[in-house]
Amino acid sequence: MRLLFCGDVVGRAGRKIVLERLPELRSRLALDAVIVNGENAAGGFGITPAICRDLYAAGADLITTGNHVFDQRELIGYLDGEPRLLRPLNMMPGTPGRGSAELRLANGRKLLVAQVMGRLFMGAYDDPFRAAESLLAKHVLGATVHAIVVDLHAEATSEKMALAHAMDGRISLAAGTHTHVPTADAQILPGGTAYISDIGMTGDYDSVIGMNKAIALQRFRSHVPGPRNTAALGEATLCAVFVETDDATGLARRIEPVRLGGRLRPAMAE
Ligand SMILES: [Fe+2]
Ligand SMILES: [Fe+2]
């Protein structure tokens, strides 16, 4: 299975490059499924139903979110009826929406996508390790589903790595989101799970994690509350990972970071 997971789309600049480039990427890479983290798509704060529809139309099969899931209040009533839009699995019982979804692809193959949220520097969520275990008790890679992707939405790289090792060999891809900076550690873990600590945001990198740098600086420099920050509007870089899995085992064969447009430069090959 050929998968693309696109990191946190931030604001209008991030949406623009996804809408422009995803259709071409989808056909050039012969993708079977596309996952997009959309928690910052609406001006940096949450996502709206209209933005979800635009992302689906551009080729996203499933959208994950994160701690910003309820920034746009209209999502509260929208999540329950939208199986292609996830919020973290380990939110409190009774939270609208779902933390995992099974997609049936064109040729009958099944892809499970889930999101867990870390707890270090993140707030009071249920144990993500326990949430992952109860998910994997129901879904067995290579038996009940052909591939499993888990969005690790966390601040600390240590917690993301630990979560990935806890699931190594039982999922196809463990991909970090939330910190908005791509990491250079894409690899296949010993058990066969593809991993990256953070995919990186899809947004303007002349910014502070996608937001207006002047307002962000002012917030670091003063106790006096300033204006609410807004997404940076310069040319965006699309950050994603491409993963190819073995349909028999569900394990990863290949993981490659994808970077298009904007300011970020690819790494120099050896
Ligand atoms: Fe984010
Ligand atoms: Fe986040």
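Worth pointing out:
- Euclidean distance between Cα centres, region 78-144 to region 194-247, Å: 24
- In sequence order, calculated HN-Hα J values of region 82-96 (Karplus, 6.51, -1.76, 1.60; Hz; x Gly/Pro): 10, x, 8, 10, 9, 10, x, 5, 9, 7, 4, x, x, 5, x
- 3J(HN,Hα) along region 159-165: 5, 5, 4, 5, 4, 5, 5 Hz, from the Karplus curve 6.51 cos²θ - 1.76 cosθ + 1.60 with θ = phi - 60°, whole Hz, x for Gly and Pro.
- Region 138-249 - share of DSSP beta bridges that are antiparallel (%, nearest 5): 35
- Value of relative contact order over region 152-222, rounded to a whole percent, pairs C-alpha under 8 Å and six or more apart: 27
- Calculated P(r) tail over 22 Å for region 123-270, as whole % of Cα pairs: 49
- Full extension of the chain between Asp80 and Glu133 yields a length gain of 16.7 nm, computed as 0.36 nm times the residue separation minus the alpha carbon distance.
- Antiparallel bridge percentage (DSSP; both residues within the chain; nearest 5): 45
- D (Stokes-Einstein, µm²/s), Kirkwood Cα radius, region 1-110, 0.890 mPa s at 25 °C: 174
- Between amide H atoms placed 1.01 Å from N, distances below 5 Å from Met211 occur with Ala232, all of them 5 or more places distant or on a separate chain.
- Among Ile63, Tyr125, Ile76 - extreme Cα towards positive end, dipole of region 38-158, charges at beta-carbon: Ile63
- Extent along principal axes [Cα atoms of the chain; Å; largest to smallest]: 55, 45, 34
- Each residue, Ser158 and Lys110, gets one label point 7 Å from its Cα in the Cβ direction; the gap between the two is 3.8 nm.
- If R0 is taken as 25 Å, the Cβ-Cβ distance between Gln218 and Val181 corresponds to a FRET efficiency of 0.75.
- Projected onto planes of every orientation and averaged, the convex hull of the alpha-carbon atoms in region 190-238 covers 5.2 nm².
- Dividing the summed helix terms, -39500 (n - 2.57) for each DSSP H run of n ≥ 4, by the number of residues in the chain produces a 222 nm estimate of -7000 deg cm²/dmol to the nearest 500.
A short reminder: the numbers here are calculations on the coordinates, not readings from a lab. None of these values were measured; they are calculated from a predicted model. Glycine also receives a Cβ, built like all others from the backbone with ideal geometry; neighbour counts cover every protein chain displayed.
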